[in-house]
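Novice: Structure provided below as C-alpha cells; questions to follow.
The values are calculated or read from the model by the stated rules, or taken from the named source; none is laboratory data. These figures come from a predicted structure and were not determined experimentally. Here the Cβ positions follow ideal geometry from the backbone for every residue, glycine too, while neighbour counts run over all protein chains shown. All accessible areas refer to the heavy atoms of the entire protein, side chains included, with ligands and DNA or RNA removed. Shrake-Rupley method; radii C 1.70, N 1.55, O 1.52, S 1.80 Å.
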Amino acid sequence: MHLSPKALALNAIALVALVGGATAFVSFDKTVTVSVDGKAKTVHTFAGTVGDVLDAEGVDVGQHDTVAPSTSAAVSEGTEIAVRYGRLLTLTIDGQRRQVWVTARSVDEALGQLGLRVQGADLSASRSAGIARRGFDLEIKTPKDVTVVVDGKQHRVTTTGLAVRDALAEAGVTVAGRDRVAPAVSAHIRDGSRIVVKNVMDKRVVTTVSLPYSTLKQPTSDLYVGRTKVAVQGAKGAKREIWRYTYVSGKLATRKLLDSTVTRQSVNELVLVGTKARPAPKPKPKPKPAPKPEPATSTSGGSSGGSSGGSNYASGSSVWDQIAKCESGGNWAINTGNGYYGGLQFNLATWHSYGGSGYPNENSRGEQIRIAEKVRAATGGYGSWPACAARLGLL
C-alpha cells in the first residue's frame, strides 16, 4: 500500500511527538536512596524535594527526628536521604534524673551523642543495648574518689556508690549502732567527699568510794573545862558505784553513774567536852617555924619521937595508888582508847618527855610512879591530875 505524501507527513509528526513525550518522562524520573534508622532502600520518584519523597514513601517525621538533607532540599538523581527517629532517653546520673532526646539506636551511641565520658562507671544496661523508639531508661553511677577517716586514720577509696554507706562498704568499714558518722550513712556523696567515722565504746566500771564521818561534840560535866574525851571512835563508811564510761575514738568522752549502793555506814565520832569548873587552888600553908631544940635527956637510945608527917606521901606509893584508883579504878595496865594510858592516865607526849618508853600501860606500876614523881617535881605538885587531886585534897 502506498501512502500519500500528506499521510506520510502526518505520521512523521505523530512519531516525533511520541518520542519527545518519552524523553520528557525519562528526564523527570530520579533514583534516590532513603535510609530510615539505618535501613536503606532505593526508590524512583518524580518528587522535587526531600519532604515530597518522604511523603510518598509514608515516612512521618516528628520534631525530635532528624532528616538529612533537610525536607526542603531539592532531590536529584542519586540523592541519599537519611532519617533518624528521635528516642526519649531517661538518664539518672548519680541519683540526678533528666530526660533527653537522642537519635542513637544503642546505649554506646547515645553516650557519644551526649558527650558523656563514663569510664569506670556502672551502667544499668550494657553499651551494646538497643534503644527502642518508645524510649529507654539508663542509670549511670560515676566513680568517685572519697576519703574515709576512721578514728583519725585516713583511707582513700573509689566507689560508684551514691551514699555514705556505699563508700564505707567499699573501704571495708563496719559501723556499729552507737558509732558516729558524719555525714550520715544515708547522705549523698560526690567526688572528693570526706567521711569521718568515730567508734564509740562503752565500758562498765565498778569502784568503791570511801564515805567520811563527822565529828560530834557533846558537853559533859564529868570532865573539867579544857579536857576532852573520845566516847565513840569515828569510822569511815564505803559505797559501791557502777559507772558507764563512754570512749569516742579511744578517748574517754563521758561518764554516767548507773548505780550507787552503800556497803558500810560511816560512824560519827563523839567527843566529850568538859564543862566542869576547876576548883580554886588552895592557898599554900605557911611554913611552920622550926621547933626549938630540946635539952638532952638522960633517956638512952631512942630518938625524940615522931618523924616528919606524911612519910607515905614522900615515898608517894599510897598517894599514887589513891590517884590511880580515881583515874583508872586502880588498873595500872588499862588502855581506855581515848589517848590516855595506865593507872595514872598518862598521854604519850607527857610520858615520853619525862623519860618513859613504849606505852605507859605496858610498864610496871613502879615505873609509872617513877615517871609521875618526875612530873610532880617538875610541876610543883599534883596539878597534872587536877580532878582526882582536888577530890583527894592534894591541891
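Novice: Tell me yes or no: at least one residue of region 171-183 is in contact with a Gly (Cβ under 7 Å, 6 or more places away or on another chain), at pLDDT 90 or above and either within 30 Å of Tyr245 (Cβ to Cβ) or not in a helix (DSSP H, G or I) (or both). It would help to see each step written out before you state the result.
Specialist: Start the filter on region 171-183 by keeping residues that are in contact with a Gly (Cβ under 7 Å, 6 or more places away or on another chain), which leaves none.
No, region 171-183 contains no residue that is in contact with a Gly (Cβ under 7 Å, 6 or more places away or on another chain), at pLDDT 90 or above and either within 30 Å of Tyr245 (Cβ to Cβ) or not in a helix (DSSP H, G or I) (or both).
Novice: Check off (1) open to solvent by 30 Å² or more (accessible area, probe 1.4 Å); (2) at negative phi for Arg87 and give me the number that stays unchecked.
Specialist: The failed condition is (1).
Novice: Of the conditions (1) surrounded by 13 or more Cβ atoms within 10 Å (Cβ to Cβ); (2) at pLDDT below 95; (3) over 30 Å from Arg240 (Cα atoms), Val196 fails just one. Which one is it?
Specialist: The number of the failed condition is (2).
Novice: Residues that are touching a strand residue (DSSP E or B) at 6+ places or on another chain (Cβ under 8 Å) and under 30 Å from Gly380 (Cβ atoms): does region 253-272 have at least one?
Specialist: Initial filter on region 253-272 (touching a strand residue (DSSP E or B) at 6+ places or on another chain (Cβ under 8 Å)): 253-272.
Right, trim to under 30 Å from Gly380 (Cβ atoms) and you get 272.
Within region 253-272, one or more residues are touching a strand residue (DSSP E or B) at 6+ places or on another chain (Cβ under 8 Å) and under 30 Å from Gly380 (Cβ atoms).
Novice: On the basis of being aliphatic (A, V, I, L, M), assigned to a strand (DSSP E or B) and closer than 23 Å to Ala40 by Cα, does Ala110 make the cut? Steps first, answer last, please.
Specialist: Working: aliphatic (A, V, I, L, M): yes; assigned to a strand (DSSP E or B): no; closer than 23 Å to Ala40 by Cα: yes.
It is false that Ala110 is aliphatic (A, V, I, L, M), assigned to a strand (DSSP E or B) and closer than 23 Å to Ala40 by Cα.
Novice: Another question, then. Please enumerate the residues belonging to region 247-267 that are surrounded by 15 or more Cβ atoms within 10 Å (Cβ to Cβ) and either in contact with a Leu (Cβ under 7 Å, 6 or more places away or on another chain) or among the β-branched types (Val, Ile, Thr) (or both).
Specialist: Val248, Ser266, listed by residue number.
Novice: If you don't mind, another one. Counting only residues that are open to solvent by 70 Å² or more (accessible area, probe 1.4 Å) and either part of a helix (DSSP H, G or I) or within 22 Å of Gly274 (Cα to Cα) (or both), how many does region 359-375 have?
Specialist: The qualifying residues number 4.
Novice: So Ser186 passes all but one of these: (1) over 14 Å from the mean Cα position of the chain (by Cα); (2) open to solvent by less than 60 Å² (accessible area, probe 1.4 Å). Which condition number does it fail?
Specialist: The number of the failed condition is (2).
Novice: Out of (1) open to solvent by less than 30 Å² (accessible area, probe 1.4 Å); (2) part of a helix (DSSP H, G or I); (3) modelled with pLDDT under 90, the odd one out for Leu54 is which?
Specialist: Going through (1) open to solvent by less than 30 Å² (accessible area, probe 1.4 Å); (2) part of a helix (DSSP H, G or I); (3) modelled with pLDDT under 90 one by one, Leu54 breaks only (3).
Novice: Look through Val225, Val181, Val206 and report the one residue that is among the hydrophobic types (A, V, I, L, M, F, W, C) and open to solvent by less than 60 Å² (accessible area, probe 1.4 Å). Even if it seems obvious, please write down each step before you answer.
Specialist: On the way: Val225 fails: open to solvent by less than 60 Å² (accessible area, probe 1.4 Å); Val206 fails: open to solvent by less than 60 Å² (accessible area, probe 1.4 Å).
The unique qualifying residue is Val181.
Novice: For residues in region 39-51 being open to solvent by 50 Å² or more (accessible area, probe 1.4 Å) and closer than 23 Å to Val102 by Cα, which is farthest from the chain's Cα centre (by Cα)?
Specialist: Applying the first criterion (open to solvent by 50 Å² or more (accessible area, probe 1.4 Å)) to region 39-51 yields 39-42, 44, 46.
Now restrict to residues that are closer than 23 Å to Val102 by Cα: 39-40.
Numbers: Lys39: 69, Ala40: 72 Å.
Ranking the qualifying residues of region 39-51, first place goes to Ala40.
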